[in-house]
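Asker: Submitted below is the structure of interest, expressed as structure tokens.
The values are calculated or read from the model by the stated rules, or taken from the named source; none is laboratory data. Not measured: the values here are computed from a predicted model. All Cβ positions, glycine included, derive from the backbone under ideal geometry; neighbour counts span all protein chains shown.
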């Protein structure tokens, strides 16, 4: 029975991680669009993005740990750390390992942002755009439920949401505050240099 | 109770005290060196820039870093708009401040001293540069005066380090902490003017003499004689009110500690002791020593709205929660002031203020939120039922506190 619980937990945590990560990526794009409304000032987007990202890491950790300790799969810890080292579904599991490590890099650089500076942090943060699709492909490739109706619909919804957000971000939107921001920055710089 | 230590000596109206008069009155600064750190620590002196951090502990942390020669930065930026005490001290007793600076430099075994003064503090700048020219000590002869822009955040210690090092008075995120790597990567002491002046006297008379010490208070608002007072630490708000000439109105609330301080309802405030450590223990702060009196015909909501708008505009636009969060809070409190206000805004103020606190590189958002939260508690009735006078008056509400 115990191995069954671990197996179900792995699958469930994987699905939850997908949904959460999609929301985090969507909120990240939303904050780069500088969305705001009277009841939703911009800093709330960033706060929700951060908090959901932390929850994502928790579920991702659960997904990985339960998969590794499950005696039935016998994956071993090396497979969780070294991409493409697993005897079982080498390619598809390797993608999952890469996605998890990219997200870990984003998490670690965020904690260490004071040391590494905002520029390096931002460069690493762009890895999110790689981690999300790699994670999705990992799910489709090796997910036990991948081709069941509910999970397939969920995956499609996630792809549609992030796809729409990326297209909107790149194609349609123009930063509405670009000019005022530039003017404000210039004014701040002027005033801070006596 | 009035007790003149820093402001003892010739009347303040006579302008800057010259070196001859200063030395005749107090003698030259004693040569103590690193032993002064123990003395300052035993005196219990706390920093007077707002954070009330123990001065001795700060010096000891810097002395322990032996990698490079430290830098002593004398902080006279005084960015708090209602505070005058640092300017008064620099203008009237420049040599007391410089004594403190030289004693700090010798305690930390360095000869590099930088003096930061706010750009609009003209009298203080004149007095301090004249005083520097009078000093015989080589450390002070080569000390540099750095002008800080008249911005609220410019006096924050990491902004001061940034200003001295690169000319930009914008707070930076930590780590590294400045006592390890500040100006030019050296261990850096950023110390408020008033704290250094106290050190100058502690070095002469000893740790035991200091006792509870004195504090410089800037009394502002609805009092007949606003201005800077030196009182014994622990003096009550009521006594400061009387000393500042009293007022003709009843009082609604007291703003304790300036714009990063807190409102206290007048009933609770009168007997509060103005002591940095005691106030801290009660969840309040003496901050930079501003005590503002709001009379009972004034509106605490409008006054707080004005201060929040100011603090939002003083963000250095580096951190989202500060720049956007304080603006959202200032907008929400302004809407409460308007007739037919959105009833959700009160709930938003409570909710958002929790999201903003602790989320900036410096403490700017935290300070603003502390003030806002105290206003929500003290003026709860006015917030819930705000009279429609905000738009009715064409002019800005009176600057009370």
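Asker: Would you tally the residues in the stretch A:69-87 being surrounded by fewer than 18 Cβ atoms within 10 Å (Cβ to Cβ) and not in a loop (DSSP other than H, G, I, E, B)?
Answerer: 4
Asker: Regarding the stretch A:86-104, can at least one residue be identified that is in contact (Cβ under 8 Å) with a residue 60 or more places away in the chain and more than 14 Å from every other protein chain (Cβ to nearest Cβ)?
Answerer: Of the residues in the stretch A:86-104, the ones in contact (Cβ under 8 Å) with a residue 60 or more places away in the chain are A:103.
The next check asks that each one be more than 14 Å from every other protein chain (Cβ to nearest Cβ); those that pass are A:103.
Yes.
Asker: Of all residues in the stretch A:127-153, which are under 15 Å from residue A:20 (Cα atoms) and more than 16 Å from the chain's Cα centre (by Cα)?
Answerer: Listed by number, the list holds a single entry, A:151.
Asker: Give the stretch B:238-291 a look and list any residue that's surrounded by 24 or more Cβ atoms within 10 Å (Cβ to Cβ) and either in the same structural domain as residue B:311 (by TED's automatic domain parsing) or over 19 Å from the mean Cα position of the chain (by Cα) (or both), or say none.
Answerer: Listed by number, the list holds a single entry, B:253.
Asker: Here are some conditions: (1) out of contact with any strand residue (DSSP E or B) (no Cβ under 9 Å at 6 or more places or on another chain); (2) at pLDDT 90 or above; (3) buried (at least 22 other Cβ atoms within 10 Å of the Cβ). Residue B:126 meets all but one. Which one does it not meet?
Answerer: (3)
Asker: Does any residue of the stretch B:181-189 turn out to be free of Cβ contacts under 8 Å to residues at least 40 places away in the same chain, over 25 Å from residue B:304 (Cβ atoms) and crowded, with 16+ Cβ neighbours inside 10 Å?
Answerer: yes
Asker: Report, by residue number, each residue of the stretch B:280-307 that is touching a residue at least 24 places away in the same chain (Cβ under 8 Å) and either at positive phi or within 14 Å of another protein chain (Cβ to nearest Cβ) (or both).
Answerer: Within the stretch B:280-307, B:287, B:289 meet the criteria.
Asker: Right, something else. Read through the list (1) without any contact (Cβ under 8 Å) to a residue 40 or more places away in the chain; (2) buried (at least 19 other Cβ atoms within 10 Å of the Cβ); (3) closer than 20 Å to residue A:127 by Cβ, then give the number of the only condition that residue A:59 fails.
Answerer: Of the numbered conditions (1) without any contact (Cβ under 8 Å) to a residue 40 or more places away in the chain; (2) buried (at least 19 other Cβ atoms within 10 Å of the Cβ); (3) closer than 20 Å to residue A:127 by Cβ, the odd one out for residue A:59 is (1).
Asker: Out of A:132, A:150, which single residue is under 30 Å from residue B:361 (Cβ atoms), assigned to a helix (DSSP H, G or I) and away from every other protein chain (no Cβ under 14 Å)?
Answerer: So the residue among A:132, A:150 that is under 30 Å from residue B:361 (Cβ atoms), assigned to a helix (DSSP H, G or I) and away from every other protein chain (no Cβ under 14 Å) is A:132.
Asker: So, one more: What about residue A:170, is it surrounded by 11 or more Cβ atoms within 10 Å (Cβ to Cβ) and out of contact with any strand residue (DSSP E or B) (no Cβ under 8 Å at 6 or more places or on another chain)?
Answerer: no
Asker: Now a separate question. Condition (residue is away from chain B (no Cβ under 14 Å) and modelled with pLDDT under 80) applied to the stretch A:153-172: is it met by at least one residue?
Answerer: Looking for residues that are away from chain B (no Cβ under 14 Å) and modelled with pLDDT under 80, one finds at least one in the stretch A:153-172, hence yes.
Asker: Could you please find all residues in the stretch B:42-82 being without any contact (Cβ under 8 Å) to a residue 40 or more places away in the chain and in contact with a helix residue (DSSP H, G or I) (Cβ under 8 Å, 6 or more places away or on another chain)?
Answerer: Across the stretch B:42-82, the qualifying residues are B:54, B:56, B:57, B:60.
Asker: Only residues that are more than 14 Å from chain B (Cβ to nearest Cβ), farther than 14 Å from residue A:160 by Cα and surrounded by fewer than 19 Cβ atoms within 10 Å (Cβ to Cβ): list them for the stretch A:16-32, please.
Answerer: A:16
Asker: If I filter the stretch B:305-319 down to residues being touching a helix residue (DSSP H, G or I) at 6+ places or on another chain (Cβ under 6 Å) and surrounded by fewer than 20 Cβ atoms within 10 Å (Cβ to Cβ), which single residue comes out as nearest to residue B:343 (Cα to Cα)?
Answerer: Out of the qualifying residues, it is B:309.
Asker: Further question: Collect the residues in the stretch B:238-271 that are under 23 Å from residue B:6 (Cα atoms) and outside any strand (DSSP E or B), keeping them in residue-number order.
Answerer: B:238, B:239, B:240, B:241, B:242, B:243, B:244, B:245, B:257, B:258
Listed here are the residues, each with its yes/no results for (1) in contact (Cβ under 8 Å) with a residue 60 or more places away in the chain; (2) out of contact with any helix residue (DSSP H, G or I) (no Cβ under 7 Å at 6 or more places or on another chain); (3) closer than 30 Å to residue B:147 by Cβ.
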residue	(1), (2), (3)
A:123	no, yes, no
A:131	yes, no, no
A:134	no, no, no
A:139	yes, no, no
A:151	yes, no, no
A:160	no, yes, no
A:179	no, yes, no
A:185	no, yes, yes
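Asker: Pick out the one residue from B:89, B:132, B:103 that is within 18 Å of the chain's Cα centre (by Cα) and assigned to a helix (DSSP H, G or I).
Answerer: One residue alone meets the criteria, B:89.
Asker: I need the helices (runs of 4 or more DSSP H) fully contained in the stretch B:1-73, keeping only those with at least 1 residues that are under 24 Å from residue B:84 (Cα atoms) and out of contact with any strand residue (DSSP E or B) (no Cβ under 9 Å at 6 or more places or on another chain).
Answerer: Working: elements: B:19-26, B:36-43, B:55-64.
Hits in the stretch B:1-73: B:19-26.
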